[in-house]
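Have a look at the structure below before the remarks.
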Amino acid sequence: MKTLLDALRSRATWRWLGTGALLLMLSPCADAAMLQEAVDLPNRWGPNPSASDYGWRYDELFTLITILISVSFAIMLILLVLPMIRDRARAGHKASFDHGSSLFDKRFTATVSVIVFIVLDAWVLVIAVRDLREGYWNIPTELEGAYRVEVLAQQWSWNFRATGLDGEFGTADDVITINDLTVPQDRPVVFNLTSKDVIHSLYVPDMRMKRDANPGAVNQAWFQPITAGDFAILCAELCGFAHYQMGAQLHVLSPEDFGAWEQDASMIAVAGFDPEDTEAQWAWDWKE
Ligand SMILES: [Cu+2]
């Protein structure tokens, strides 16, 4: 017992414990590095490069916010640590205690708060609203060449419906797919979204697009793919037991490939159309 108490009093014990704790905390980083090598994950920080034409807005805003908060964090840290070192109790110096309640302290705090609010928050807000107006909220219409997709979310899959060649929803050549969506490159893709049951959220990270699908309402969203390829579609709203499995594939085809695909898909849809299958007749009038 006595040796244990002695050990607890010794600085060396705490130094070793501290080193051990630090190594333990760092070990997940080593695990992550090993995992990265094992499964050949892309070796980089941050999201995939944006595959949509307004995606750069969100990436730039994200970078700006990261820089702003990093710089303010560093300044705050210096302001906290400096007096702790400078004014600490030591030989020939007695630590003084202060509640920061003098008039000067209050004015100083208020001034810093106002400056932080104006420089950081207002700046970010102005850019965010500009980006929303010029990007996300600036939904192209059919006349502007939009490729329209109706999305019916349900626990736990995505139902997609495109008009097919006739350009009308609710007809025999509607291209209906589950968890699989094909869209053209370099053309705005506009969504009408709703849900059968609970709130879901259509999330296409590579396109920097996310929008809720609410039961009883039709929401709109859009993006314009600038890169052909396959991308992930996810559900970003905790929607029940199998939420984590609620994923879909997005295929972006070049204009030529898309034209051929649409023709085929439309023909197959007509061939497989069954007027008796009321479950499949869930189209609604397009909301512009
Ligand atoms: Cu969901």
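General observations
- Residue count for segment 129-175, restricted to those that are of a type in the set (D, E, K, R) and closer than 30 Å to H243 by Cβ: 5
- Restricting the search to strands (runs of 3 or more DSSP E) fully inside segment 150-242 and requiring at least 1 residues that are closer than 25 Å to A51 by Cα and charged (D, E, K, R) gives 157-162, 180-184, 209-213, 229-235.
- Evaluation of S50 against (1) closer than 30 Å to L253 by Cα; (2) part of a helix (DSSP H, G or I) (one fails), failing number: (2)
- Residue check for D173: touching a Gly at 6+ places or on another chain (Cβ under 7 Å) and away from the ligand (no atom under 16 Å from the Cβ): yes
- Positions within segment 125-156 being surrounded by 17 or more Cβ atoms within 10 Å (Cβ to Cβ) and within 16 Å of the ligand (Cβ to nearest atom), in sequence order: V151, L152, A153, Q154, W156
- The residue of segment 198-253 that is nearest to I178 (Cα to Cα), among those that are acidic (D, E) and more than 9 Å from the ligand (Cβ to nearest atom), is D230.
- Residues that are of a type in the set (K, R) and touching a Ser or Thr at 6+ places or on another chain (Cβ under 8 Å) do occur in segment 133-154, at least one of them.
- Residue list for segment 254-278, restricted to those being closer than 16 Å to D186 by Cβ and either surrounded by 15 or more Cβ atoms within 10 Å (Cβ to Cβ) or within 16 Å of the ligand (Cβ to nearest atom) (or both): D257, F258, W261, E262
- Filter result for A122 (in a strand (DSSP E or B) and small (G, A, S)): no
- Criterion violated by F191 - all others in (1) out of contact with any Ser or Thr (no Cβ under 8 Å at 6 or more places or on another chain); (2) surrounded by 15 or more Cβ atoms within 10 Å (Cβ to Cβ); (3) more than 19 Å from W137 (Cβ to Cβ); (4) aromatic (F, W, Y) satisfied: (3)
- Residues of segment 58-114 classified as among the basic types (K, R) and assigned to a loop (DSSP other than H, G, I, E, B), total: 2
Each value in this text was obtained by applying a stated rule to the coordinates, not by laboratory testing. Please read all numbers here as calculations on a predicted model, not as lab measurements. Cβ coordinates were reconstructed from backbone atoms using ideal geometry, including for glycine residues, and neighbour counts include every protein chain displayed.
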